[in-house]
Amino acid sequence: MYIKMERSEVKKMLANTRLRNLPLEIGSVCWVRDPEKRALFAYPVEIVEDNIEEPKTKEEFQKDQEITEVMTTYGGPFVKKLAELYRLGDPVDKRKLREAFPEYWAKYALIAELKGDKKV
């Protein structure tokens, strides 16, 4: 059993190697090296399809904007940077941030909702 990694992530990891032109077939196994660790340790990963989310509706996009505004206004330094990263991210990175920090997302979504109710 191998670690599953999205095709785009494998491409990023191989971008500066001599394997950058390696064809990346879904379901195949590829050896990758963690760029942050300067050791020669590499590990096998199974290449899976990128999980690109469908484009958001205008309402969903606006809700995300409201949540990140509340995070920027009321959050501490970490939460403010998290909001900034979320705004800069592509759909895959945004999903990763929401999944990695669900408690922050839920907390500030509730604050944004309560704040929105007061405007009405």
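Bear in mind that the values in this text are calculations on the coordinates, not laboratory data. Bear in mind the structure is a predicted one, so any value in this text is a computation, not a measurement. Note: ideal-geometry Cβ built from the backbone for every residue, glycine included; neighbour counts use all protein chains shown.
Springs between alpha-carbon pairs under 10 angstrom, Gaussian network model over the chain: which of P91, P44, P23 fluctuates most?
P23
Could you work out how much longer the chain between V48 and Y74 gets when fully extended? Use 0.36 nm per residue separation minus the Cα distance between them, nm to one decimal.
5.6 nm
Mind giving me the nanometre distance, one decimal, between the label points for R33 and L19, set 7 Å out from Cα along Cα→Cβ?
Roughly 1.0 nm, to one decimal.
What residues have an amide H closer than 5 Å to that of D50, excluding those fewer than 5 places away on the same chain, when H is modeled at 1.01 Å from N in the peptide plane?
R7, S8
Could you sort out which of K12/K56; K12/K63; K81/K115 sit more than 27 Å apart by Cα distance in this structure?
K12/K63
Mind listing the long-range amide H neighbours of V32? Cut-off is under 5 Å, sequence gap 5 or more, other chains count too, H placed in the peptide plane at 1.01 Å from N.
Y43, V45
Pick the calculated Rg and Dmax of the Cα atoms in Å for this structure from (1) 18.5, 59; (2) 15.2, 53; (3) 17.8, 62?
Answer label, from the structure shown: (1).
What ranking do E59, E66 get, fewest neighbouring Cβ atoms within 10 angstrom at the top?
Lowest count first: E59, E66.
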